[in-house]
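Report on the following structure.
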Amino acid sequence: MPTLTIDGKTITVEPGTNLIQAAEKLGIAIPYYCYHPGLSIAGNCRICLVKMEKSPKPIIACQTLCQEGMVVDASSPEVGKLRQAVLEFLLINHPLDCPVCDQAGECWLQDYYMEFGLYDPKFNEQKVKKHFKATPIGPTVTLDSERCILCSRCVRFTDEISKTHELGIFDRGDHSEIGIYPGKELRNNYSGNVVDICPVGALTDRDFRFKCRVWYLTSTDSICPGCSNGCNIQIHVNRERPHHAKGERVMRLKPRYNAEVNQWWMCDAGRYGYKFIDKDRILIPERREGSLFKEEEWEKLLGSLASSIAALFERYEQNALGICLSPQLSNEDLFMAKKFFEEQLGLPQITVLSPSPEGDQDDFLIKSDKNPNTRGALALGLSKVSFEEIIQRIQKGKIKGLYLFGQDLLALLGESKAKEIFGKLELIIFQGSNQNATSKLAHVVLPSATYAEKDGTFTNHAGRVQRFWKALEPLGQSLPDGEILRRLASEMGTLLEFETPEAIFEDLAQSIAAFRGLSYASLGQEGKLLPDGGKVVARAVRHEKEDSRE
Amino acid sequence: MSTKVMHHRPLNFWERIYVPEVARGLWVTSRHFARNLFIHTAHRLGLLKHLQAAVTIQYPEEVRPYAERLRTRHRLTQREDGSPRCVACMMCETVCPAKCIYIVAEEDPDPNIEKRPKSFDIDLGVCVYCGYCVEVCPEDAIRMDTKIMNIASYSREGMWYNMDRLLHPEKEGDVLLKPKT
Ligand code: SF4
Ligand code: SF4
Ligand code: SF4
Ligand code: SF4
Ligand code: FES
């Protein structure tokens, strides 16, 4: 283990640590562009220059591995001069685009210029014009090669991470330019990541383009609900200027580093899958009378719903209400549902039904299960019966009421079959955040909040329980699913008194063996594996698989 | 804080008996009245133009000359083809302390311009005329040099100036009061 000195501070590091990483451990920030902890070392931008004793020339920190006895100067004024010169060189052909550049405000050129630059430009020659100005190079990314500093991060990403090899550096000298191989376009499942890693505004996001300035955004840590991988993300919200994107609040999602889950990356489906938070939302509780929907107050609607459910139980029996919970719900919401439907009402016909069919998967991040909390639902032991059984019982006339959590049965079963089933039901309750064909046929529509509008946890495919935070207020009159159930329970004369999602989770961790010992505090930012290593759950998954084969 | 005690000059005998002071005041007022009446009448007849009558400016018939640097109603400057110079960088919107600038950006078909405002509104009912927006603009796209001061409206919405009104202050020229030059 080499011991070295950086700026007079001594540190011992693992072999194979480079100077940037060692300095970071000491709280010394060495600037870098081309270095990225998730990519191979290129060592071409030269901004990370440092001085080292016994070395005749400055060296680059990213490609220099720590050796015993090194004495490094990473912050003196002379080193600052070196970086200033490198910066001036990098900016020779750079256009003055900041006013129209989406990167402005989070641009590493701007940041390092303010830190090390501040020079009088000495370059009087004509700037070299490049080929690509505001050119889309794929469905998600726009290229401006004049802004590029040729750090090759994006090229290395497509070579090493997505392994799709679309990008390259073409031509020589100061005519060098980032470009796309002939006949190709930047189209892969992870293309959006090149925008994140481009330190400047050369690669910008077509979806985010000109929607909002980055300094208007506030960021909240969250978990992507796009599949069971549970990539750690940040939700970027524009609260200040609602006029910018026609009132849409969520402007973009960005991946958040988690060594165990997604490292620095996320897939495009997840990245652009946030639109439902602001589009086609159900805003007001409604009751259908004939073909007309009537908006109603929460209290009134839940009151009348409680008596409809009670009447249903009276006419038939407890078996007559089927519950289709969703693996899109958080552990907390599902636990509330368990308490209410299973323990308090004693309903036997409960299943967990995914609102979407299985999709594609790969050997990197994308999982075929497009729900964030299937493992959580299994660990909570919520699937009492299979969905097919519920359908059969409806067809036999045994189930007369159906409580759906966002699923669109018309899409899942086909229109004719779904309508046939609906024809046999006396009470269809739809609780969900977004409108769909089924919500339009339900008798009672309860608007629920999306994951971005509440606190909670999801359990990913590997049994990792991860926390997500509330980024926004629920839109319209929508409420978190757990809160709707709490209010409905009190209308039905039972009690589900929990103040916060944290209190729910506390109770959950006490009463459900699989979650024992977990708490919001212990989950932290990175989440924690289910304490039994997910063994119980793994068995449950197998059981479930066998079920569906039958 | 220290208290400053003010000592007034005690009134003398003539002031204290009151009547002479009243007469003096009447005299000053009447003198100005007579002089102004005379000079204004003379001005009407085209005479004695070199003498100034009352210092009062007869607004709105007469408008005081404005200082060059005075901040007046905003305008958006134009490129040669009449399109706005503004590139919707949002600097002014960001700096505005009254938060009364509302810009929506869109793609410009010319990739060398790239970005332009789709809409640009200023709520002048809220603006505090600080001039920060002008100062911060990197494109010299917004100025406060129209010399238009009489902005009034019967409704709050009427104080809302859209891109067209900001680009073409001259369209409202007939209702403007401009200083005589
Ligand atoms: S890349 Fe950075 S420095 Fe260059 S124009 Fe964009 S914001 Fe400005
Ligand atoms: S486009 Fe961005 S990431 Fe790619 S080489 Fe240029 S600066 Fe680096
Ligand atoms: S003058 Fe001041 S308050 Fe008025 S629009 Fe400009 S920045 Fe805003
Ligand atoms: S600062 Fe200038 S260029 Fe930028 S948005 Fe305002 S007026 Fe337009
Ligand atoms: S970060 Fe070291 S050379 Fe680019």
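For residue A:77, the criteria (1) more than 14 Å from ligand 5 (Cβ to nearest atom); (2) touching a residue at least 60 places away in the same chain (Cβ under 8 Å); (3) more than 14 Å from chain B (Cβ to nearest Cβ) hold in every case but one, which is (2). Which condition number does residue A:46 fail, the rest of (1) farther than 24 Å from residue A:202 by Cα; (2) open to solvent by 60 Å² or more (accessible area, probe 1.4 Å); (3) touching a strand residue (DSSP E or B) at 6+ places or on another chain (Cβ under 7 Å) being met? The single condition residue A:46 does not satisfy is (1). Is there a residue in segment B:60-78 that is within 14 Å of another protein chain (Cβ to nearest Cβ), outside any loop (DSSP other than H, G, I, E, B) and surrounded by 14 or more Cβ atoms within 10 Å (Cβ to Cβ)? No; the residues of segment B:60-78 include none that is within 14 Å of another protein chain (Cβ to nearest Cβ), outside any loop (DSSP other than H, G, I, E, B) and surrounded by 14 or more Cβ atoms within 10 Å (Cβ to Cβ).
Does residue B:85 qualify as being open to solvent by 60 Å² or more (accessible area, probe 1.4 Å), touching a residue at least 24 places away in the same chain (Cβ under 8 Å) and near ligand 4 (Cβ under 9 Å from one of its atoms)? Taking the combined requirement at face value, the residue satisfies it. Being free of Cβ contacts under 8 Å to residues at least 60 places away in the same chain, assigned to a loop (DSSP other than H, G, I, E, B) and of a type outside the set (Val, Ile, Thr) is the requirement here; does residue B:119 meet it? When the stated conditions are applied, residue B:119 does not pass them. Against the criterion of being away from ligand 3 (no atom under 16 Å from the Cβ), of a type in the set (Lys, Arg) and modelled with pLDDT of 95 or more, residue A:153 qualifies.
The set of residues in segment A:9-43 being more than 30 Å from the chain's Cα centre (by Cα) and open to solvent by 70 Å² or more (accessible area, probe 1.4 Å) consists of A:9, A:10, A:12, A:14, A:15.
For the condition in a loop (DSSP other than H, G, I, E, B) and closer than 21 Å to residue A:450 by Cβ, residue A:369 qualifies. Condition check for residue A:171 on (1) more than 14 Å from chain B (Cβ to nearest Cβ); (2) within 13 Å of residue A:271 (Cβ to Cβ): one failure, at (2). For the structure I just gave you, tell me whether residue A:477 is open to solvent by 10 Å² or more (accessible area, probe 1.4 Å) and either touching a Gly at 6+ places or on another chain (Cβ under 6 Å) or modelled with pLDDT of 95 or more (or both). So residue A:477 passes the test.
Out of the residues in segment B:100-116 that are surrounded by 15 or more Cβ atoms within 10 Å (Cβ to Cβ) and either assigned to a loop (DSSP other than H, G, I, E, B) or among the aromatic types (Phe, Trp, Tyr) (or both), which is farthest from the other protein chains (Cβ to nearest Cβ)? The selected residue is B:100.
Residues of segment B:117-145 that are more than 17 Å from residue B:75 (Cβ to Cβ) and either open to solvent by less than 60 Å² (accessible area, probe 1.4 Å) or more than 10 Å from chain A (Cβ to nearest Cβ) (or both): B:125, B:126, B:128. Looking across segment A:232-249, the residues that are within 17 Å of residue A:264 (Cβ to Cβ) and either open to solvent by 10 Å² or more (accessible area, probe 1.4 Å) or within 14 Å of chain B (Cβ to nearest Cβ) (or both) come down to A:234, A:236. Taken together, the residues in segment A:213-231 that are over 20 Å from residue A:359 (Cα atoms) and either among the hydroxyl-bearing types (Ser, Thr, Tyr) or open to solvent by less than 10 Å² (accessible area, probe 1.4 Å) (or both) amount to 6. Taken together, the residues in segment A:107-131 that are under 20 Å from residue A:34 (Cβ atoms), within 14 Å of chain B (Cβ to nearest Cβ) and out of contact with any Pro (no Cβ under 8 Å at 6 or more places or on another chain) amount to 2. Residue B:93 passes every criterion in (1) within 12 Å of ligand 4 (Cβ to nearest atom); (2) among the acidic types (Asp, Glu); (3) open to solvent by 50 Å² or more (accessible area, probe 1.4 Å); (4) more than 20 Å from the chain's Cα centre (by Cα) apart from (3). Taking segment A:95-212 as the region of interest, the helices (runs of 4 or more DSSP H) fully inside it that hold 3 or more residues being open to solvent by 20 Å² or more (accessible area, probe 1.4 Å) and away from ligand 2 (no atom under 11 Å from the Cβ) are A:108-116. Checking the stated criteria, residue A:61 turns out not to satisfy the condition of being within 14 Å of chain B (Cβ to nearest Cβ) and small (Gly, Ala, Ser).
No other residue among A:208, A:157 is in contact with a strand residue (DSSP E or B) (Cβ under 6 Å, 6 or more places away or on another chain) and among the hydrophobic types (A, V, I, L, M, F, W, C) apart from A:208. Looking only at strands (runs of 3 or more DSSP E) that fall completely inside segment A:397-508, which ones have 2 or more residues that are in contact with a His (Cβ under 7 Å, 6 or more places away or on another chain)? In segment A:397-508, A:427-432 are the strands (runs of 3 or more DSSP E) which contain 2 or more residues that are in contact with a His (Cβ under 7 Å, 6 or more places away or on another chain). Looking across segment B:143-156, just one residue is closer than 15 Å to residue B:100 by Cβ, out of contact with any His (no Cβ under 6 Å at 6 or more places or on another chain) and within 13 Å of ligand 3 (Cβ to nearest atom), and that is B:151.
The values are calculated or read from the model by the stated rules, or taken from the named source; none is laboratory data. The structure displayed is predicted, hence computed values, not measured ones. We place every Cβ from the backbone using ideal geometry, glycine too, and count neighbours over all the protein chains shown. Heavy atoms of the whole protein, side chains included, go into the accessibility calculation; ligands, DNA and RNA do not. Shrake-Rupley method; radii C 1.70, N 1.55, O 1.52, S 1.80 Å.
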